Amino acid sequence: MVEQQLEAWLDESYLTSYRTACLILGNRADAEEAVQEAFLRAWRFRDSLSSVPSIKPWLYRVVVNACYSKLRTEIPHRDRRAPDEPLSGLPGSGEGPEDGAVHDEVAGTVLAALARLPVSLRIPVVLRYYADLSERDIALAIGRRPGTVKSRLHEARRRLAADPALSSLVDPEASRTIQETAP
């Protein structure tokens, strides 16, 4: 039973796990390796799922831990590798070509602002708004108390709201002010 649930999750969740890892790590190659490692770990430790109340947060914890592992070991060596293509083209919901240019600009701005957040704030934001986990499930996934998750999400939202590039997307007047003051 647990193996069937896990196998179904692995089949249907690769894309969202990959997107989550891309947003945490900021690099497609690192994300792909992290997700593959996470899925191997999840499969290897599938017997421990019988004591877990919900599979989804447990599996995201495995993905997040694989990302943390990548951040500790691989990221310092990234500058020696070939450049990665932009993350704005991450797989997601399909849209028409007429929306592509606007989407790419907005997505690029949001991804850049997200990348400027410290990892401790970026991970809860990614899990909440991109992986659609509840605060309780995020707490389980990152091994923190729900109050910690809530405060990290609050701080991340505060920083993102103060980001001038994101503000210009919401407020065209702010965009003009930024453009007028830019050198």
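The values are calculated or read from the model by the stated rules, or taken from the named source; none is laboratory data. These figures come from a predicted structure and were not determined experimentally. Here the Cβ positions follow ideal geometry from the backbone for every residue, glycine too, while neighbour counts run over all protein chains shown. We work out accessible area using only protein heavy atoms, side chains counted, and drop any ligands, DNA or RNA first. Shrake-Rupley method; radii C 1.70, N 1.55, O 1.52, S 1.80 Å.
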So, in segment 52-77, of the ones that are touching a residue at least 24 places away in the same chain (Cβ under 8 Å) and among the basic types (Lys, Arg), which residue ends up least open to solvent (accessible area, probe 1.4 Å)?
-> 70
Listed residues 70, 56; which is basic (Lys, Arg) and under 20 Å from residue 111 (Cβ atoms)?
-> 70
Residue that is farthest from residue 113 (Cα to Cα), among those in segment 1-51 that are β-branched (Val, Ile, Thr) and crowded, with 16+ Cβ neighbours inside 10 Å = 35
Answer yes if at least one residue in segment 142-153 is part of a helix (DSSP H, G or I), among the small types (Gly, Ala, Ser), surrounded by 12 or more Cβ atoms within 10 Å (Cβ to Cβ) and modelled with pLDDT of 95 or more, and no otherwise.
-> yes
Could you say which residue among 34, 112, 29, 42 is within 23 Å of residue 149 (Cβ to Cβ) and at pLDDT 90 or above?
-> 34
Could you run through segment 130-141 and say how many residues are open to solvent by 20 Å² or more (accessible area, probe 1.4 Å) and either assigned to a helix (DSSP H, G or I) or among the charged types (D, E, K, R) (or both)?
-> 6
